[in-house]
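The structure appears right after this line, and notes come after that.
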Amino acid sequence: MSRTLFCSAVEPALSCYCSGNETRVRLCPLCVSVANVLDTMLLRNPGRDRSDSRWENGGSTAPAPTQRILWCHCYHHCPEDSTNNTCRTDGYCFTMVEDEEGSLPVLTSGCLGLVGSEFQCRDTGNARQRRALECCTDQDFCNKDLYPTLPPPRAPGKRHTQSHTVNSTQSTQGISVLLWLYQCVSSRYKRQESRPHYSIGLEQDETYIPPGESLKDLIEQSQSSGSGSGLPLLVQRTIAKQIQMVKQIGKGRYGEVWMGRWRGERVAVKVFFTTEEASWFRETEIYQTVLMRHENILGFIAADIKGTGSWTQLYLITDYHESGSLYDYLKSTTLDIKAMLRLAYSSVSGLCHLHTEIFGTQGKPAIAHRDLKSKNILVKKNGACCIADLGLAVKFISDTNEVDIPPNTRVGTKRYMPPEVLDESLNRKHFQSYIMADMYSFGLILWEIARRCVSGGIVEEYQLPYHDLVSSDPSYEDMREVVCIKRQRPSFANRWSSDECLRQMGKLMTECWAHNPASRLTALRVKKTLAKMSESQDIKL
């Protein structure tokens with residue numbers, strides 16, 4: 001008989017029983033803490049439906065009267081393929097309201113898979129977080145009518161007291177339950193040994209950050225310590241726990257971006273969907289590469305995995321830039337020659353640092369971006385750019401002459417893919433292939449920037465590359481026909497030929513997006529050319 005442990009908080013101790021065996025026992029404090037660990041482990045997001053579930057056969061399942069697909073309303077917990085804020089599941093619809101200390105209540109709704117939903121629907125929050133969650137399964141979109149109410153806040157300093165003395169019978173029963181606990185979880189641990197292990201209990205690892213320390217101070221201290229790979233992990237986790245989420249500022253295929261605050265300083269918090277764990281892991285790994293920090297690469301602050309009880313959230317915390325992405329900036333802003341050269345030069349400077357291998361005792365490997373586009377470049381207050389979104393990046397391990405490719409099912413953006421990727425002729429074992437693919441994409445970004453530069457009182461409206469040749473969401477076949485077969489590229493306005501700076505920019509981007517990868521310019525060559533152009537215009541970048 002399979003045994004599954006169910007626990008319910010009953011003061012002053014914990015009452016437990018196993019399915020198939022109604023014998024109740026009183027547990028000692030040690031059992032209480034172990035049971036809480038088990039509860040945290042089991043309360044994981046089961047995905048959109050059973051086909052997406054990470055659970056395996058043999059786990060506990062919530063009883064359901066019929067096996068049918070249920071449609072639910074979703075908000076802040078929508079799967080990637082969701083349309084019109086809806087999702088479907090073989091389990092339950094839910095609505096949850098939660099109030100993290102120091103922030104406004106957040107309402108979340110969505111789907112819970114059948115497997116494990118009994119545990120999730122009984123979630124009651126924890127000592128640091130008030131939360132109320134309600135589930136339903138009676139009809140489609142039934143969670144629209146759920147209005148969970150937050151429990152009253154606990155009085156400060158209040159603690160549940162537990163007796164520290166138990167008789168010998170209770171001790172024996174407690175040991176028996178611990179053995180059952182071990183049997184319940186050991187098989188799950190064994191199945192997950194091949195995956196990265198992350199701890200989601202931050203309270204145990206909290207470290208002290210003195211009052212008055214700013215993020216700039218902490219980062220400068222970590223750089224002067226000689227590691228060059230970012231803040232210590234415990235400092236990162238403490239910062240992540242203390243951040244207050246303020247408002248959502250973006251959403252993409254990987255997850256959401258929020259503006260948050262830490263001790264009054266604004267930060268950007270990228271919250272990954274659980275399906276994008278590989279992207280989160282890779283981006284965190286790349287950002288923490290030794291000697292990675294550069295003024296034209298988005299400033300990394302911290303990364304953490306935060307267990308909210310019902311599911312896990314993957315956080316990546318970086319500098320906040322209110323101007324947003326280069327894509328957003330160009331849509332609303334026209335440029336003069338100086339602003340155009342500043343955007344282009346700072347962008348290629350970041351790319352050049354990424355592509356360059358730094359040799360030494362603590363060297364930096366060469367890195368290729370693989371998803372370069374105007375939406376993945378941010379604009380800073382001073383008009384310079386920094387490169388972001390490194391979830392698809394590849395590293396070159398020069399010692400073994402190998403390309404370190406992330407185990408990620410995500411692919412780049414089709415509109416910016418070079419011909420060798422579209423026709424699948426790219427040599428995956430040759431790192432220079434990825435470098436040259438980045439340069440093709442960068443050529444398209446230069447075209448986007450140059451169109452918004454005013455000359456003779458004329459400027460083109462912002463458009464994406466190939467806007468006049470393919471639809472707003474082109475397929476691989478569409479892009480392959482335009483880029484590989486017809487070998488077409490974005491066109492230049494007539495006014496470019498009468499402006500020396502725009503004419504040189506046109507020549508530069510043409511050499512970046514050449515059909516033959518070996519003919520393309522390197523990032524260093526583009527950087528030097530832009531520096532010369534600035535000199536000739538008496539512009540200091």
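We did not get these values from a lab; they are worked out from the coordinates using the rules stated. Predicted model, so just to flag it, every value in this text is computed and none were measured. FYI the Cβ positions are ideal-geometry reconstructions off the backbone, even for glycines, and counts take in every protein chain you see.
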- Determine by what factor the alpha-carbon radius of gyration of the stretch 324-540 differs from 2.2 N^0.38 Å, reporting the quotient. 1.00
- Fraction in percent of alpha-carbon pairs per bin - 5 Å, the stretch 302-361: 4, 11, 13, 16, 14, 14, 11, 9, 6, 2, 0
- R0 of 60 Å, Cβ-Cβ distance Asp145-Arg525: FRET efficiency to nearest 0.05: 0.45
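May I ask you to derive the relative contact order of the stretch 388-541, considering only C-alpha pairs under 8 Å and at least 6 residues apart, and to give it as an integer percent?
Values: 144 pairs, mean separation 35.5, N = 154.
With pairs under 8 Å counted, the relative contact order is 23 percent.
Would you mind checking the pairs Lys251/Lys429; Lys375/Lys528; Lys338/Lys486; Lys395/Lys527 and listing those with alpha carbons more than 29 angstrom apart?
Too far apart for the 29 Å limit: Lys251/Lys429; Lys338/Lys486.
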